[in-house]
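Written below as structure tokens is the structure these notes are about.
All of the numbers you see were taken from the coordinates with simple rules; none came from a lab. Quick caveat, the model's predicted, so the values are computed rather than measured. Every residue, glycine as well, gets a Cβ built from its backbone with ideal geometry; the counts of neighbours run over all protein chains shown.
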Ligand SMILES: *Cc1c(COP(=O)(O)O)cnc(C)c1O
């Protein structure tokens, strides 16, 4: 696959869903990818990227930012409070705010630093014990807390369980967002972004379908 093929599939999915193509933001998930591949996607004109780890992003994006204007970075992986300051300097959007302590740390730092990334709250729609995010039953209270903290709340994010039909999780996330008056939905990855778009995704996070398989180790 390539960036242009993915963009064409996104446009088609939007058309099929009766949505404007601009209503979906394509985040190219560059974690673990070699710099040549990331550079190639930058050369094609793409500027919106996602990373999972603050440390990895801090190691590779400052150099890209010297060479390319207008890069927008999205943090997708779990955030430790002791990395919050660094994350808030690097990233324009954080999708993985998954507990009170992290929300509070970001709010406190936002006061001090005078700026704050846009925030998505991560919901553990599959109620998986090992997965980050608040349980669906706690989602409304977490949204209320984020609002009370004055965070720039954009919406909700989920990562469905691998072995389940993702659309059930996308529909659940959309329902929780609607009843809380939130429009942003960060959902859909390489294998399922079309169904996420059909169910209202505003931010899709696509890695391997753009860059190729990640080579770990
Ligand atoms: C790695 C990752 C993605 C991208 O996954 P692909 O299957 O490669 O598209 C999306 N979201 C999150 C949170 C990820 O960690």
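Each residue in the range 12-38 was checked for being over 13 Å from residue 195 (Cα atoms) and in a helix (DSSP H, G or I), and 7 of them qualify.
Being touching a helix residue (DSSP H, G or I) at 6+ places or on another chain (Cβ under 6 Å) and crowded, with 24+ Cβ neighbours inside 10 Å is the filter here, so list the residues in the range 186-205 that pass it. Break it down into steps so the answer makes sense when it comes.
Quick first cut of the range 186-205, residues touching a helix residue (DSSP H, G or I) at 6+ places or on another chain (Cβ under 6 Å) only: 187-188, 190, 192, 194-197, 199-200, 204.
Those that are touching a helix residue (DSSP H, G or I) at 6+ places or on another chain (Cβ under 6 Å) and crowded, with 24+ Cβ neighbours inside 10 Å: 187, 188, 196, 197, 204.
I'm checking my understanding of the structure. Among residues of the range 27-73 that are closer than 27 Å to residue 104 by Cα and buried (at least 21 other Cβ atoms within 10 Å of the Cβ), which one is nearest to the ligand (Cβ to nearest atom)? It comes out as 29. The lone criterion from (1) away from the ligand (no atom under 16 Å from the Cβ); (2) within 25 Å of residue 43 (Cα to Cα) left unmet by residue 76 is number (1).
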